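Report on the following structure.
The values are calculated or read from the model by the stated rules, or taken from the named source; none is laboratory data. Computed from a predicted model, the values in this text were never measured in an experiment. Don't worry about glycine lacking a Cβ; one is built from the backbone with ideal geometry, like all the others, and counts go over all protein chains shown.
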Amino acid sequence: MSANKKAGSHPAYKGWSPSSIARKRAYDKKYHQTTARKKYRAKLNKANRDAGTYGNGDGKDMSHTKSGKLKLELQRINRARNGRNGKSTKSN
């Protein structure tokens, strides 16, 4: 899997010093290597495979709802939603 080459160039980083961006990249890299994050990704990938949409290029993935359930949703909509305090805004 290739790294995101645009990481750190998002408009949200406007005004950040290069050293701050580098520090954040290092933190993110370490964070996403943890066992908990790997298990979390594996759980979502399994749900995506079970839904029959993993790797077929249909542009859908699993979205978390307020109740914690997973629901199939377009990637662009799911990943664009920020939620409130890290929580889903979906009702189901």
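Some values worked out for this structure:
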{"read-out": "Residues of the stretch 39-66 classified as among the charged types (D, E, K, R), under 15 Å from the mean Cα position of the chain (by Cα), within 19 Å of Ile77 (Cα to Cα) and loosely packed, with under 14 Cβ neighbours inside 10 Å, total", "value": "1"}
{"read-out": "Residue within the stretch 7-16 that is among the polar types (S, T, N, Q) and modelled with pLDDT of 90 or more present", "value": "no"}
{"read-out": "Long-range neighbours under 9 Å by Cβ, at least six apart or interchain, first residue within 16 Å of Arg81 (Cβ to Cβ) within the stretch 49-71, second aromatic (Phe, Trp, Tyr) and surrounded by 11 or more Cβ atoms within 10 Å (Cβ to Cβ)", "value": "Asp61/Tyr54"}
{"read-out": "Number of positions in the stretch 67-83 that are at positive phi and under 13 Å from the mean Cα position of the chain (by Cα)", "value": "1"}
